[in-house]
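Structure first, then comments.
The values are calculated or read from the model by the stated rules, or taken from the named source; none is laboratory data. These figures come from a predicted structure and were not determined experimentally. FYI the Cβ positions are ideal-geometry reconstructions off the backbone, even for glycines, and counts take in every protein chain you see.
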Amino acid sequence: MKIMVPLDTSELSASALPLAERLARAFGAELLIVTVADADLLGSLAEFAEVEGAQPIEIVESYLKRMSAAVSVSIQVEMLATNDPATGLVERAGRGDVEMIVMASHGRSAIQRWMMGSVSERVVRGATVPVTVVPAPWRVTVPAHRTEAATAQT
């Protein structure tokens, strides 16, 4: 069993890794970390890569190595070359070896989703395997009873 975790080099996308790792451990699964090396991602890394004296693709490869080292379960890493991340992710998940996708949502508003599209929304709609969407960390709220308990312990 493989659990696919799409990462786009942002901290936000990496926020899905802890849950994916826990699920992989619980199910005895392997993680498949996938990055879509589209023109937007590589373009956004171009200036940073120039400062580092590297190519944007090398920055992505380095990022994937760091993320792989951060988890304690079996892991595979793939880079997809497509300019439509959602379609690329859905197609990769549809190859038959992925049984679940765990990905982060950027938490965009309805207007932002309309203007920019939502990769997670498109993956949910197109995938043939279960998809767990981890909300953006700033959207997660702590129930009042947990906050009160934490305050009482300090």
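Structure data summary
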{"read-out": "Exclusive hit being touching a strand residue (DSSP E or B) at 6+ places or on another chain (Cβ under 9 Å), within 19 Å of residue 102 (Cα to Cα) and either surrounded by fewer than 16 Cβ atoms within 10 Å (Cβ to Cβ) or touching a residue at least 60 places away in the same chain (Cβ under 8 Å) (or both), set 29, 24", "value": "29"}
{"read-out": "Entirely in the range 1-100, the strands (runs of 3 or more DSSP E) that have 1 or more residues that are among the β-branched types (Val, Ile, Thr) and in contact with a Ser or Thr (Cβ under 8 Å, 6 or more places away or on another chain)", "value": "30-36, 75-80"}
{"read-out": "Any pair with Cβ under 6 angstrom, 6 or more apart, that starts in the range 109-133 at a residue that is more than 17 Å from residue 85 (Cβ to Cβ) and among the acidic types (Asp, Glu) and ends at one that is modelled with pLDDT of 50 or more and part of a helix (DSSP H, G or I)", "value": "none"}
{"read-out": "Candidate set: the range 70-81, residues that are modelled with pLDDT of 90 or more and over 12 Å from residue 31 (Cα atoms); chosen: the one surrounded by the most Cβ atoms within 10 Å (Cβ to Cβ)", "value": "80"}
{"read-out": "Breaking point among (1) in contact with a helix residue (DSSP H, G or I) (Cβ under 8 Å, 6 or more places away or on another chain); (2) loosely packed, with under 14 Cβ neighbours inside 10 Å, for residue 95", "value": "(1)"}
